[in-house]
1. Under a 5 Å amide H to amide H cut-off, with H placed in plane at 1.01 Å, what residues pair with S61 once short-range neighbours are removed?
2. How many percent of DSSP beta bridges within the chain run antiparallel, rounded to 5?
3. Got the relative contact order for the chain handy, in percent, Cα pairs under 8 Å and 6 or more residues apart?
4. Sort 126-132, 68-74 for me by packing, meaning the mean count of neighbouring Cβ atoms within 10 Å per residue, highest on top.
5. Just check segment 42-91 against the gyration tensor rule for me: Cα atoms, a ≥ b ≥ c as the square roots of the eigenvalues, rounded for a/c under 1.5, and otherwise prolate or oblate depending on whether a/b exceeds b/c.
6. I'm spelling it out carefully: the read-out is semi-axes √(5λ) of the Cα gyration tensor in Å, the candidates are (1) 37, 21, 13; (2) 34, 13, 11; (3) 27, 17, 14, and one was derived from this structure. Which label?
7. Would you order M9, M94 from fewest to most other beta-carbon atoms within 10 Å of each residue's own beta-carbon?
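The numbers here are math on the coordinates, done by the rules we state, and not lab data. The structure displayed is predicted, hence computed values, not measured ones. Counting neighbours? That spans all protein chains shown, and the Cβs are built from the backbone with ideal geometry, glycine included.
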Amino acid sequence: MTREEITAMFTRREGHWRNRDAAALAADHAADGVVVSPTVGVLEGREQIQRIYHLWITAFSELVLTPMDLLVDGDRAVLVSNITGTHSGDFFGMPASGRRLQVLCASVFTFRGQEIIHERRILDFTGVLVQIGVLKAKPAAGA
C-alpha cells in the first residue's frame, strides 16, 4: 500500500470507530490476519479479531478512539491513539462499573496488499483495570 492509501484507510477506520462498526473494522484485516494484544493475547483470523472489536465497543459506551499520530514507513504504520469511554457492559467477565476510561494506545500495523496482516497493540491494561475498578492502586509514597 502507498502512504496515501494507508492514510486513507485510517481516515476510513475513524468513521468505523465512530459508528461502532466491529465488522467494518475487522474487514480491514486479512482473513488470516493476526492481532497481538495485552488484553487478549494472540488473535488469529478475522472472526476472532472482529469478536474483540465487538467486545470493546459493547463494554464501553461512548467509546471514542482519537488518533493522535500516524507514522508510515513502507508496508508498516504506527498509530498512536487516545481511547475513552464509560465501562457500561461486560468486559472479560467484569460487570459494568460505570467508571470512565482513558488510555493511550499504540498499534503497529503491517500490511499485505490492501489489508492488515499483523497488528501489535500496546496499552497499559493494568491501568485499564484500575480505572474500571477491578484493581486497586496504592498512591505513591509521599503523594
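1. Long-range HN contacts for S61: T86, S88, G89.
2. The antiparallel proportion sits near 90 percent.
3. Across the chain, relative contact order equals 22 percent.
4. Those peptides, ordered most packed to least, come out 126-132, 68-74.
5. Working: a/c = 4.04, a/b = 1.35, b/c = 2.98.
Oblate, because a/c is 1.5 or more while a/b does not exceed b/c.
6. (3)
7. Least to most surrounded, the residues fall as M94, M9.
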